[in-house]
Amino acid sequence: MKDTDIELKILEIAKKEFMEQGYMNASMRVIAEKSGCTTGMLYSRFVDKNKIFSILVKEGADKLLNGFKNKLDLFGSSTPKEQISSMHSFSEQGMEEIMDIIYEYFDSFKLIICYGFGSSYEHYVDNLVDMEVESSIKFMDVLREEGYIVRNIRVDLCHMLASSLLNGIFETVAHDFDKDDAIEYVNSLQDFFAAGWDRLLGLKHEKEN
């Protein structure tokens with residue numbers, strides 16, 4: 001058997017082990033036995049189980065993280081007028097791209113969301129939340145600079161809302177929604193948060209006073 005075939009077999013066995021046992025309880029010994037190799041051979045190819053886990057999820061995880069960051073950066077680099085006029089439509093477009101990536105790499109995100117506790121991807125969603133919070137705070141500053149009266153919203157509340165949205169999105173993975181159902185669910189989630197943010201911000205231009 002070629003080296004590439006052996007590694008592919010190991011990765012497939014490891015994926016099943018992670019999904020059955022979770023990252024914390026997954027055993028390198030079991031992975032080696034089921035792959036038909038010694039533990040020594042396994043460790044010579046993969047330094048530890050986190051390395052295996054990372055190989056299984058990295059491509060999809062990086063694609064979503066980088067795409068999310070690029071989308072937020074693009075929004076932040078737009079003119080204030082463009083940001084204000086497109087704040088909801090921009091979010092909707094970004095969500096479509098997120099869902100496409102999630103369902104292109106569904107098993108990778110299933111591993112991260114449901115079985116990744118203890119791995120280097122344990123805080124993956126938290127990283128997305130932090131990026132969303134930073135973008136939201138910058139946007140509120142833009143609104144104020146443009147003469148809008150914006151309620152003071154605490155950073156921890158921004159974090160709570162961003163966490164609710166992003167963790168809500170990944171519920172589609174946790175509960176094995178098919179893509180059509182997931183998109184319908186996420187669209188409703190977006191409608192809810194868009195209306196909530198409009199109400200929370202209480203947008204009113206100073207000239208209206």
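Residue count for the stretch 118-139 under the criterion of being in contact with a helix residue (DSSP H, G or I) (Cβ under 6 Å, 6 or more places away or on another chain) and part of a loop (DSSP other than H, G, I, E, B): the result is 4.
A Cβ distance below 8 Å, combined with a sequence gap of six or more or placement on separate chains, defines the contacts here; from the stretch 150-178, residues that are among the β-branched types (Val, Ile, Thr) reach residues that are not in a helix (DSSP H, G or I) in the pairs 150/202; 150/203.
Of the residues 72, 42, 64, 56, the single one that is buried (at least 18 other Cβ atoms within 10 Å of the Cβ), assigned to a helix (DSSP H, G or I), in contact with a Lys or Arg (Cβ under 7 Å, 6 or more places away or on another chain) and not polar (S, T, N, Q) is 56. Taking the criterion of being surrounded by fewer than 19 Cβ atoms within 10 Å (Cβ to Cβ) and polar (S, T, N, Q), the residues of the stretch 161-185 that qualify are 163, 164, 167.
With respect to residue 94, determine if the residue is closer than 22 Å to residue 112 by Cα, of a type in the set (Gly, Ala, Ser) and either free of Cβ contacts under 8 Å to residues at least 24 places away in the same chain or in a helix (DSSP H, G or I) (or both). The answer is yes for residue 94. Taking the stretch 140-180 only, how many residues are under 21 Å from residue 116 (Cβ atoms) and assigned to a loop (DSSP other than H, G, I, E, B)? Residues flagged as under 21 Å from residue 116 (Cβ atoms) and assigned to a loop (DSSP other than H, G, I, E, B) within the stretch 140-180 amount to 3. In the stretch 106-128, is there at least one residue being β-branched (Val, Ile, Thr) and free of Cβ contacts under 8 Å to residues at least 40 places away in the same chain? Checked against the condition, which is being β-branched (Val, Ile, Thr) and free of Cβ contacts under 8 Å to residues at least 40 places away in the same chain, the stretch 106-128 yields no hits at all.
Each value in this text was obtained by applying a stated rule to the coordinates, not by laboratory testing. Keep in mind it's a predicted model, so treat the numbers as computed, not measured. In this analysis, Cβ positions are derived from the backbone assuming ideal geometry, glycine residues included, and neighbour counts consider all displayed protein chains.
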